[in-house]
1. Within the range 53-77, count every residue that is assigned by TED's automatic domain parsing to the domain that holds residue 303 and at pLDDT below 75.
2. Could you grab the pairs with beta carbons closer than 6 Å, sequence gap of 6+ or different chains, first residue in the range 20-43 and among the charged types (D, E, K, R), second one modelled with pLDDT under 85?
3. Given the options 189, 276, name the one that is within 21 Å of residue 82 (Cα to Cα), modelled with pLDDT under 80 and among the acidic types (Asp, Glu).
4. Within the group 356, 364, 396, which residue is under 24 Å from residue 310 (Cβ atoms), surrounded by fewer than 21 Cβ atoms within 10 Å (Cβ to Cβ) and modelled with pLDDT of 85 or more?
5. What pairs come up if the first residue lies in the range 115-133 and is assigned by TED's automatic domain parsing to the domain that holds residue 372 and buried (at least 17 other Cβ atoms within 10 Å of the Cβ), the second is in a loop (DSSP other than H, G, I, E, B) and among the small types (Gly, Ala, Ser), and their beta carbons are under 8 Å apart, counting only those six or more places apart or on different chains?
6. Got a number for residues in the range 370-409 being more than 15 Å from residue 142 (Cα to Cα) and of a type in the set (S, T, N, Q)?
7. Looking at 214, 252, 263, can you tell me which residue is at pLDDT 80 or above, at positive phi and touching a helix residue (DSSP H, G or I) at 6+ places or on another chain (Cβ under 9 Å)?
8. Please indicate, with yes or no, whether at least one residue in the range 24-32 is touching a Lys or Arg at 6+ places or on another chain (Cβ under 9 Å) and closer than 30 Å to residue 257 by Cα.
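The values are calculated or read from the model by the stated rules, or taken from the named source; none is laboratory data. From a predicted model like this one, the values you see are computed outputs, not experimental measurements. Ideal geometry is used to build each Cβ from the backbone, glycine not excepted, and the neighbour counts take in all protein chains shown.
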Amino acid sequence: MADLVLSVTYFGILLGLGIIVANLLKKVRIPDTFFLLLLGLLLGPTLYLNPAVTGYISTTLVDVSQMGNVPDFLRTLALIMVVFTGTFNLGLRTFQRFGSLAVKVAVAGVLFNTVVMGIIANALFGFDLIYSFLMAAVISGTCTSVVFAFEGSLKKAINTLNVIKVESILNSPLSVLLPIIFLDLVAIEPGAIIDPMHYLNQFWVMIAVGAGAGLILGIGITRVLKGMLREYSALMLFAVALITYALAENVGGSGMLAVAVAGLISGNYIRERHDEVQQFDDHLSEMLRISVFTLLGAQVTLFIGLEEFLTILMFFLIMFFIRPVFLFPALGRERKEFDKNDFLLMSFVTPRGLSAAAIAPIVAGALIAAGSVDVAGRVMNIIFLVIMLSVLFSTAAALLVGRRIRERPEEPAGQGAPRKGESPKGKEVPEKQGQSEGDAGSKEAPERPVDKKAKNRAGPVKEEKSPPSSVYI
């Protein structure tokens, strides 16, 4: 009973203070991820176990280790809700417009970051190669939470933001799936023979089973919801998201991928109930998001020297600036639809966030169980600082690009940046749109039918006389 009371107490402290911080920052439209992590850090062992503090005060503000399985449950629940609601609110038209491009960028980004940053982590931190790839896989995905705070200032690049959002939705399952595979490799006893085909087959089974489970349950829930009262729609979808994850995981599939597919299908078949779902999701997802970031900060023991911090900073800067290396070829011919500012947004507004924050403690726990306690602590510190730095740098990039595109015409949804000499709709802007009624009536001439093809070739046709109701200015 004491453990339960402690868990509720610690959770209440983190959530309550986190809500206050999030509320204050939302009023001034500043992303709160960095400050939520900082809040957890100040409430956790980094502060109350610091020798400079323990010499005068002996206290425990928040001890996550006393909360049992509650933090892991909240993290898993947060991942399920983020993936499900992300695809649920993604329209098929948006997915069709940006899906193929986002798939290429998402897959290329996760694989590139896992392999390249894994090799760099091995060189900089001296981890075994498996540990290096594991850590790189955790931070390989992106999170768009920082983008939403700047949607007002970046509305003239709405299509580029849509690409970033869809990419984040698609790479979330991958950035959760890959660490799980590497954890299986970590659990193998030293000297054991590794069979690559076994893990390749396991990967495709997870993909196929996860997608299949999501497809079946996504179609099934659309039938069930049609006969339900509106006030129970959101609760039913929440239950289905949990069941989808559990079912896929129990039969060897990817639970996150299943949740993503189910969300995409159900969201596009029952769009008339989006208001009820959105109202429920806003509160639950916000609670889980605040909890995950504050819990991560409270679980980290950030005792590092200047040399270690500079090494982590170098690792992050390489990761941050290396993205254009794979982004440029991944865009292919479609890069012509975007201008330089769009490319800057896609390159540098790539914060790490909820997925990495949720899975990092799970990875650390698995490493501790495997006997790699020191590695677990260092990996947690590196992931924590990478998330904080990525949010700061992405925020700065969004502000800088937002200033550069202030003079750009606002984009209609579904189109790229207007090219030089074009209006936002992609047509040439004629020097004169037409004449006034006085000009139109200044010359007398018989009416004649207008050749539409000639009109398209020659531009606006000057009609010498027409009734006032037919004059368009």
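1. 0
2. What qualifies is 29/149.
3. Numbers: 189 fails: within 21 Å of residue 82 (Cα to Cα).
It is 276.
4. The conditions single out 396.
5. Close Cβ pairs satisfying both conditions: 117/140; 131/372.
6. 2
7. Details: 214 fails: at positive phi; 263 fails: at positive phi.
The conditions single out 252.
8. Of the residues in the range 24-32, the ones touching a Lys or Arg at 6+ places or on another chain (Cβ under 9 Å) are 32.
Those left that are additionally closer than 30 Å to residue 257 by Cα: 32.
So far as the range 24-32 goes, yes, one or more of its residues are touching a Lys or Arg at 6+ places or on another chain (Cβ under 9 Å) and closer than 30 Å to residue 257 by Cα.
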